[in-house]
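Nothing in this text is a laboratory measurement; each read-out follows from the coordinates by a stated rule. Worth saying up front: this structure is predicted, and the values here are computed from it rather than measured. Cβ placement follows ideal geometry from the backbone for every residue including glycine, while neighbour counts extend to all protein chains displayed.
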């Protein structure tokens, strides 16, 4: 998975799965947190258009990242969730984490 931050939108690309995550992916999430904080933003939209697959490990990491964003005073919002991503979130019982 990769992340591309453009203004107030974080574009997620690739697989949000245990096998799709790497140290580089985690580092990219950390760098994006620093960029969000440095930019003084109060909200960030997380665009999930380009997420191909998701599993519980990837969704848990996304949830933790969103909580870290909140701790920095920025409100995250998931946008453009595909039907399959929404079904995965619901099927794993994680919808309350992203509401």
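Dividing the convex hull volume of the alpha-carbon atoms in segment 8-50 by its residue count gives 62 Å³ per residue.
How big is the antiparallel share of DSSP beta bridges in the chain, given as a percent to the nearest 5? About 30 percent, rounded to the nearest 5. The angle between the Cα long axis of helix 56-71 and the longest principal axis of the Cα atoms of the chain comes to about 20 degrees, rounded to the nearest 10. In degrees from 0 to 90, rounded to the nearest 10, what is the angle of the helix 23-38 Cα long axis to the longest principal axis of the chain? Computed tilt is about 40 degrees. Each pair of Cα atoms in segment 19-86 enters the Kirkwood radius, and Stokes-Einstein at 37 °C and 0.692 mPa s then converts it into a translational diffusion coefficient of 259 µm²/s. Dividing the summed helix terms, -39500 (n - 2.57) for each DSSP H run of n ≥ 4, by the number of residues in the chain produces a 222 nm estimate of -14000 deg cm²/dmol to the nearest 500. Each Cα pair under 8 Å and six or more residues apart adds its separation to the average, and for the chain the resulting relative contact order is 30 percent. This ranking places 19, 84 by how few other beta-carbon atoms lie within 10 Å of each, fewest first, which gives 19, 84.
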